[in-house]
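The structure is given below, and queries will be raised subsequently.
The values are calculated or read from the model by the stated rules, or taken from the named source; none is laboratory data. Not measured: the values here are computed from a predicted model. A quick note on method: Cβ atoms are made from the backbone with ideal geometry, for glycine too, and the neighbour counts reach across all protein chains shown. All accessible areas refer to the heavy atoms of the entire protein, side chains included, with ligands and DNA or RNA removed. Shrake-Rupley method; radii C 1.70, N 1.55, O 1.52, S 1.80 Å.
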Amino acid sequence: MPRMVTVLHAAVDRPGRHAYRLAFAAAHIHIAGPHYCDMLRRAGLRVHHAARASAPAP
């Protein structure tokens, strides 16, 4: 039986905050890791851990 584990990042919504940038700052290193990319590949997605995303524009 497949096992699913997830992490939920949360932040307070305030003026001047950008939800996408907050989420990226919290998780970008983890989701770019080889273990995470392996999981996505096993799920059928085409990804490569070297193709890291850059920070979103302000």
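Could you count how many residues in the stretch 29-43 are open to solvent by 100 Å² or more (accessible area, probe 1.4 Å) and either outside any helix (DSSP H, G or I) or farther than 16 Å from V5 by Cβ (or both)?
Number satisfying all stated conditions: 2.
Pick from the stretch 24-43 the residues that are at pLDDT 80 or above and of a type in the set (G, A, S): which of them is nearest to the chain's Cα centre (by Cα)?
The residue in question is A27.
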